[in-house]
Amino acid sequence: MTKIPKSHPRYASLITREQVIEGVKTGLTSIQGLIAQGRGEAFDYLLGERTTTSADKATKVAAAMLLLARQPVLSVNGNVAALVPKEMVTLSNELKAPLEVNLFHRTEERVTKISKLLRDFGAEKVLGETQDTILPGLDHSRSKATRGGILNADVVLIPLEDGDRCEVLVKMAKKVIAIDLNPLSRTARMATLTIVDNIVRATPNLIASVRELSGSSTDKLQDVLLGYNNNFILQQAIEEIRKNLDRQIETPVQLEFDNNLF
Ligand code: PTJ
């Protein structure tokens, strides 16, 4: 891994990039995962590389939705495995929800490596190695699903997903929670609820919200869901991008000369 000095102004972003590169090198992440990360980085830059107020609210709603679920399942792909494997395992154990490895660029080798990694981090239930059914209407590997897993789930968390499986899951009357930095992506717009945030920030936040709300009554959890609207969440994310861009333009970076350098 390239050594990134902590003093670098964009340290967190560069470390995340290195983690995805390492994921490719160790065979967890697809080469296409690098491009996905690059797209994510661009949107994160526009958002100001921080968790916005609307993303924070969406995360609380997501926690309530997952706690109210009868059979929640958390989907894991190669980028998720490279970036937040430990956190996904913690979330899964907190919610008693299985993890299901589901890959777009599927190879059995990658599924095995990701499953092993999750088990090594203490995952109690990892599905996906023997996917025994397919979701209707999808012509690619992401259609594979597990009975007792994503097929029967009522709430599915899909970080960094492509739009068509999201659409199919919603059509199957499941509640679908996306984590996607691009508020304009098909996934973000199709999902029941979208957290527009970087998965490296969103997952620890989600764990904290689940811990905060667990033990709450059903009525209290339903109150958290009251009035949320995915379109409104996405509009707020776009508004936050716009305000961040305005701020950047209003306060241009100005450097003072340091005579000692000459
Ligand atoms: O491991 P596989 O084979 O299942 O492949 C996984 C990827 C992510 C490569 C595959 O699903 C893919 O190609 O995804 P897309 O269509 O590029 O979509 C990825 C979405 O995730 C884009 O909208 C990105 O903006 C977003 N994204 C990328 N990195 C992050 C992110 N969102 C949150 N956090 C990130 N770190």
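The values are calculated or read from the model by the stated rules, or taken from the named source; none is laboratory data. A quick note: this is a predicted structure, and the numbers were derived from the prediction, not measured. Cβ placement follows ideal geometry from the backbone for every residue including glycine, while neighbour counts extend to all protein chains displayed.
Here are the numbers for the structure shown:
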| quantity | calculated |
| --- | --- |
| Residue list for region 99-122, restricted to those being under 24 Å from Glu212 (Cβ atoms) and crowded, with 22+ Cβ neighbours inside 10 Å | Leu99 |
| Checking Ala82 against (1) within 11 Å of the ligand (Cβ to nearest atom); (2) within 23 Å of Leu184 (Cα to Cα); (3) in contact (Cβ under 8 Å) with a residue 60 or more places away in the chain, the condition it does not meet | (2) |
| Some residue of region 93-107 being among the polar types (S, T, N, Q) and within 13 Å of the ligand (Cβ to nearest atom) | yes |
| Residues within region 186-224 that are touching a strand residue (DSSP E or B) at 6+ places or on another chain (Cβ under 8 Å) and hydroxyl-bearing (Ser, Thr, Tyr), tallied | 4 |
| Test: Ala153 is of a type in the set (A, V, I, L, M, F, W, C), loosely packed, with under 15 Cβ neighbours inside 10 Å and out of contact with any helix residue (DSSP H, G or I) (no Cβ under 7 Å at 6 or more places or on another chain) | no |
| Within region 184-262, helices (runs of 4 or more DSSP H) holding 1 or more residues that are in contact with an Asp or Glu (Cβ under 6 Å, 6 or more places away or on another chain) | 186-190, 199-213 |
| Residues of region 38-70 that turn out to be among the charged types (D, E, K, R), near the ligand (Cβ under 10 Å from one of its atoms) and closer than 17 Å to Arg242 by Cα, as a count | 2 |
| Unique residue being under 30 Å from Thr112 (Cβ atoms), in contact with a helix residue (DSSP H, G or I) (Cβ under 7 Å, 6 or more places away or on another chain), more than 11 Å from the ligand (Cβ to nearest atom) and not in a helix (DSSP H, G or I) when the list is Val89, Val73 | Val73 |
| Residues that are over 17 Å from Lys175 (Cβ atoms), of a type in the set (A, V, I, L, M) and without any contact (Cβ under 8 Å) to a residue 12 or more places away in the chain, drawn from region 211-262 | Ile249, Val253, Leu255, Leu261 |
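To keep it simple, each residue is scored yes or no on (1) among the aromatic types (Phe, Trp, Tyr); (2) more than 13 Å from the ligand (Cβ to nearest atom); (3) over 17 Å from Ser92 (Cβ atoms); (4) at pLDDT below 90.
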| residue | (1), (2), (3), (4) |
| --- | --- |
| Glu129 | no, yes, no, no |
| Gly137 | no, yes, yes, yes |
| Leu151 | no, yes, yes, no |
| Asp154 | no, yes, no, no |
| Pro159 | no, no, no, no |
| Asp162 | no, no, yes, yes |
| Lys171 | no, yes, yes, no |
| Lys174 | no, yes, yes, no |
